[in-house]
Structures are given as C-alpha cells and as structure tokens.
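One structure below.
The values are calculated or read from the model by the stated rules, or taken from the named source; none is laboratory data. Given the structure is predicted, the values throughout are model-derived calculations rather than measurements. When we count neighbours, we look across all protein chains shown, and the Cβ atoms used for this are built from the backbone with ideal geometry, even at glycine. Only protein heavy atoms, including side chains, enter the accessible area calculation; ligands, DNA and RNA are left aside. Shrake-Rupley method; radii C 1.70, N 1.55, O 1.52, S 1.80 Å.
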Amino acid sequence: MFRILSLTALALVVSALAGGPLFAESSEEETITATVSGQSVSMTVSPGSIDYGTVPFETSQSSLAAPGGPVTFTATNTGNVTVNFAVRGSDATGTGFSWALSTGALACPNDTNKFRHSVTPSGGSSIFLTTAPEDLATGVAAAGTKTFTSEIYMPCFGSDGAGEQASTSILLTAIAPE
C-alpha cells in the first residue's frame, strides 16, 4: 500500500512540475475575423456634351463662350478609392470628312484637315489633347471633384467640312494609383 501511495504522490509531483496533468490534453482555439472591401474605380462627368456652335476656320471657341451659355465640366470620383483623372482627345469626323487631332500648333495654310482641342483644369494650365492619356488631376479622393473648361481650335481654311457639322470627343479616365 505504501508503494502505491508513493507512486501516486510521485505522479502528482511530476504532473505539477510539467505544468499540468500528464494524462489530460487540452486545446484552445481563437478566431480572427477578416473583412475586405472591393476597390471601386469610377467617375462621372457633367455635363456630358458641349456644342461650340458654328465656328469659322482658323479661329477658336471656348466652352465658356458656347452659344447655349458658359459650360464648365465637373469630373466626380464616384468610386471608393483615391484616383487620378486622365484626359485624351480624338479625331473629328463629319459626313464624308475627318480632321486629325494635331499635337502641335497649326501652320496655316499647310495644315488642312487638322485641328486642336484643349482642356483647362481650374487653377491650372491648358492641356492640348492628344490621343494618349495625360494627367488632368491627381490624388482625387472618393467623392472629390475636378472642374475644367475646353476650347476647340478650328482647322485651316481649305479644310474639308466647310458648312458641315463635325464631332469629336474628350475622353476622361479614372485610374487608381499603384
């Protein structure tokens, strides 16, 4: 009997030194909750068009002097992350003719069927549009806006499309910085 008691006492001492009972296992589990929001990159531009009216060749017309009244565009970041706004232009087309968007000043009378188009961000300098994107605004926070005006520079005399309507576009893109 003494021997059984001694073995039991020895087991209790070893168990206490080992940090707990040798014969029982226990485990504990913790949970980490993880959430994520999808990135939304989007924008709106208002108004969505400009009518410069009838403009003579070799002159220009600002959106602020449009026949229907001054036009200032507002680009709004409707996404949930800070973005940059990029802007680019396009060639102009009409029925049976087109004008190429020129990247430099026109040298009349030689530069027929070419035109220029620019935008001027509030508080900034004019950006002459090309077909490649250029920065209009950087670091526009969610719900932030950028306003700008535009101006068209008509082709040289002798260009196609006299008395006809031509259409072109100002294309804006919202880009999430990396």
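Values computed for the structure shown
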{"item": "Label selected from (i) 184; (ii) 107; (iii) 127, the criterion being volume of the Cα convex hull per residue in Å³ as computed here", "result": "(i)"}
{"item": "Relative contact order (%) - segment 48-137, alpha-carbon pairs under 8 angstrom, separation at least six", "result": "24"}
{"item": "Full-stretch length increase - T72, T145 - with 0.36 nm per residue and alpha-carbon distance subtracted", "result": "25.0 nm"}
{"item": "Extension gain from L171 to V81, taking 0.36 nm per residue of separation minus the Cα-Cα distance", "result": "30.3 nm"}
{"item": "By accessible area with a 1.4 Å probe, ligands and nucleic acids excluded, highest first: order of Y52, Y153", "result": "Y153, Y52"}
{"item": "Positive minus negative residues near L101 (Lys, Arg vs Asp, Glu; Cβ under 11 Å)", "result": "+2"}
{"item": "Student exercise, segment 57-178 dipole from Lys, Arg, Asp, Glu Cβ charges, in Debye to nearest 20", "result": "220"}
{"item": "Mean separation of Cα contacts under 8 Å (6+ apart) over length of the chain, as relative contact order %", "result": "28"}
{"item": "Accessible carbon and sulfur surface of the chain relative to its total accessible area, %, 1.4 Å", "result": "53"}
{"item": "For T138, residues with placed amide H under 5 Å, excluding near neighbours", "result": "F85"}
{"item": "Principal-axis tilt of helix 2-17 within the chain, Cα atoms, nearest 10 degrees", "result": "20"}
{"item": "Mean ellipticity per residue at 222 nm, deg cm²/dmol - from DSSP H runs of n ≥ 4 across the chain, formula -39500 (n - 2.57)", "result": "-3000 deg cm²/dmol"}
{"item": "Residue list for segment 87-123, given a label point 7 angstrom along the Cα-to-Cβ vector of L64 and an amide N cut-off under 14 Å", "result": "119-123"}
{"item": "Cβ-Cβ FRET estimate between S40 and T93, R0 fixed at 45 Å, reported to 0.05", "result": "0.85"}
{"item": "Potential lengthening between V55 and T131 on full extension [0.36 nm per residue; Cα-Cα distance subtracted]", "result": "25.1 nm"}
